[in-house]
1. Relative contact order, percent, of the chain when contacts are C-alpha pairs under 8 Å separated by at least 6 residues?
2. Under a 5 Å amide H to amide H cut-off, with H placed in plane at 1.01 Å, what residues pair with residue 58 once short-range neighbours are removed?
3. At 1.4 Å probe size, with every protein chain present, just tell me what the per residue accessible area of the chain comes to in Å².
4. With a sphere of radius 13 Å drawn around the Cβ of residue 57, what net charge do the other residues whose Cβ falls strictly inside it have (Lys, Arg +1; Asp, Glu -1)?
5. By how many degrees, 0 to 90 and rounded to 10, does the Cα axis of helix 318-331 deviate from the longest principal axis of the chain?
6. In the chain, what % of DSSP beta bridges are antiparallel (nearest 5)?
7. Output needed for the chain: three equivalent-ellipsoid semi-axes, defined as square roots of 5 times the C-alpha gyration tensor eigenvalues, in descending order, whole Å.
8. Would you mind telling me the share, in percent, of accessible area of the chain contributed by carbon and sulfur at probe 1.4 angstrom?
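The values are calculated or read from the model by the stated rules, or taken from the named source; none is laboratory data. It should be emphasised that the depicted structure is a prediction, and the values quoted were computed from it without experimental measurement. Every residue, glycine among them, receives a Cβ derived from its backbone with ideal geometry; neighbour counts consider all protein chains shown. Remember, those area values only see protein heavy atoms, side chains included, never the ligands or the DNA or RNA. Shrake-Rupley method; radii C 1.70, N 1.55, O 1.52, S 1.80 Å.
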Amino acid sequence: MIAQTPLEKIHIVVIGAGLIGPRHAEHVHSNEQTELFGIIDPMPERKAVAEKLGTEHFTSITSMIQYADDNKIPYPDGAIVCTPNHTHVRIAAELASHGIHLLVEKPLSSQVEESQALKVYCEQHNIKLLVGHHRRFNPFIVETKKQLPKVGTPIAIQGTWALKKPSNYFEASPWRTDSKTGGGVLLINLVHDIDLLQYLFGPIVKVYAELLTKQRLEYPNVDEGACLTLKFENGITGTFICSDNVISPFNFESGTGENPIIPFHHDLEGFYRVFGSNGTLSIPDFSLYHQPEIKGWNTRVTKESLIDNRKDKLYSQLPFDLQLNHFIDVIRDKSDPFCTAEEGMSALLCIDAVIKSIETDMPQYVSNIKDVKPNFEALGLKK
Ligand SMILES: NC(=O)c1ccc[n+]([C@@H]2O[C@H](COP(=O)([O-])OP(=O)(O)OC[C@H]3O[C@@H](n4cnc5c(N)ncnc54)[C@H](O)[C@@H]3O)[C@@H](O)[C@H]2O)c1
């Protein structure tokens, strides 16, 4: 038998060590295939995050590059960009200019023209670009994909992402209080659900949106949510409510237990509902409401549980690990990105249409990616 040579570890640097960066860094630290190269964050207090994981802290990409040059070690193979939304593209482009492959947190950027420029730049320089819509890896979504055919032809969907963010969430990171810096529930949270809905049901082509009443008057420049109607290319229609300022467990995190800081509601029903020709599927409970024999309003609709022990089977923080393993495969050329730059931009174009609809009080068609002109200036690179 030929002994297999173990593959060399993939070296990964994490940029931004606020709320989500340390979580990514811990996964990189504990994954057998990866080595945490270091953490980049200009805030001196973020050094503690690096120290906890026994890795280097750098205050800029330049200082990390300098460190590698001084120590005659290769640059990291990949980077996970976990900085404020409006900084993603510039940071990602600088890393790409050093040959470093990219996993960029969602949303890919706060402006789709910047994303287009990053995509083109990465293609020209053979840099792999994966967008961090990690929920596609969540077992609840994997299960949803599997169970969807049971509704027959999907006709309509109903969805909710609603909870209350505490005031310290905004105080800790002022970029979250202004939509110009990528703040707001539309760009931070709705973009997750838009990506999932497009992943499950195909492209959204038209939206209409009404803004929800503001309650945080101290932050006038950021939205708190919206009520939407959606039309998909294949004819499916839907409604969606998103809010980060109401008391509600009807959101992905509460229903899946994915986020350790948001309590898991084991028995939550229906943050998404899919209405089909043969039945209605409720997620995350995986109840199928159907009429196995005589169909029609004279017959009781049966509720069938499609999975047992939801908590044991599906509650897990696996998605970030799965996403990391996938990123490793992408870097090793064993796989194409599961969430591409085009898909990241497609979600952004939907959010743009939502914002335009709010501004004009009219329904809006979602623009075509092909019509988005790249803004190369936004990359901040020398010509
Ligand atoms: N996938 C998810 O579920 C998920 C969850 C939370 C956040 N996010 C995304 O992750 C990103 C970060 O969000 P967050 O909530 O962790 O933000 P945060 O404000 O908590 O942390 C951002 C960190 O980036 C650092 N930073 C700012 N500019 C930098 C620069 N030029 N170089 C290096 N570091 C810099 C800040 O000092 C801060 O420590 C956002 O894009 C957000 O949308 C994704």
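1. Across the chain, relative contact order equals 19 percent.
2. Distant-sequence amide H within range of residue 58: 39, 40, 41.
3. So the chain comes to 48 Å² accessible per residue, rounded to a whole number.
4. Value of the local net charge: -1.
5. 50
6. That works out to approximately 55 percent antiparallel.
7. Working through the eigenvalues yields semi-axes of 36, 25, 20 Å.
8. Of the solvent-accessible surface of the chain, carbon and sulfur hold 53 percent.
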